[in-house]
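Accompanying notes for the structure given below.
The values are calculated or read from the model by the stated rules, or taken from the named source; none is laboratory data. Quick caveat: nothing in here was measured; it's all calculated off a predicted structure. A quick note on method: Cβ atoms are made from the backbone with ideal geometry, for glycine too, and the neighbour counts reach across all protein chains shown. Please note that ligands, DNA and RNA were not included when accessible areas were found on the heavy atoms of the full protein model with its side chains. Shrake-Rupley method; radii C 1.70, N 1.55, O 1.52, S 1.80 Å.
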Amino acid sequence: QVQLVESGGGLVQAGGSLRLSCVTSGLTFRSYGMGWFRQAPGKEREFVAFINSNSITQYADFVKGRFTISRVNAKNTVYLQMDSLKPEDTAAYSCGAKPYGGQYKYWGQGTQVTVSS
């Protein structure tokens, strides 16, 4: 049974930082690309960041220079370091796993991030 469990969300003031974690089990983690997405109330889910099995990264333009995605294969975990947070970053953040060349196959339940002004 594959599980993705996010943690690290919370309430933070604008300009602050949070680090999200996504711990996986039941899959060959090193073989999967991992992504972070977010969804704000009333909005569609949007892409935030991605890291492939070789640790090559991609970011949405609105987080470049502020967020950093990383992975530790030995811990089956992907991280999202979020700095210089803005109120518009408020959303539920979830991680997803996709095999090479495929679509996202597994998703976590998400963790809420709230940034106050």
*Dimensionless Rg over Rh [the chain; C-alpha; Kirkwood]*: 0.95
*Report in % the part of the accessible area of the chain that belongs to carbon and sulfur, leaving out ligands and nucleic acids; probe 1.4 Å.*
45
_Derived scalar couplings ³J(HN,Hα) [region 105-117; Karplus, 6.51 cos²θ - 1.76 cosθ + 1.60; whole Hz; x for Gly, Pro]_ = 10, 10, 9, x, 7, x, 9, 7, 10, 10, 10, 8, 8
*Just how large is the dipole of the chain about the Cα centre, in debye to the nearest 20, putting +1 at every Lys and Arg Cβ and -1 at every Asp and Glu Cβ?*
300
*GLY10's amide H: which non-local residues (gap 5+, or another chain) put their own amide H closer than 5 Å, with H modeled 1.01 Å from N in plane and none for Pro or chain starts?*
VAL113, THR114
*Relative contact order [Cα under 8 Å, 6+ residues apart], the chain, whole percent*: 36
*Can you spot the aspartates and glutamates whose alpha carbon is less than 15 Å from LYS43's alpha carbon? Ignore those fewer than 8 places along the same chain.*
GLU88, ASP89
_region 56-97, accessible area per residue, ligands and nucleic acids excluded (1.4 Å, Å²)_ = 45
*Rounded to the nearest 0.05, what FRET efficiency is calculated for ASP61 and GLN112 with R0 set to 30 Å and r the Cβ-Cβ distance?*
0.80
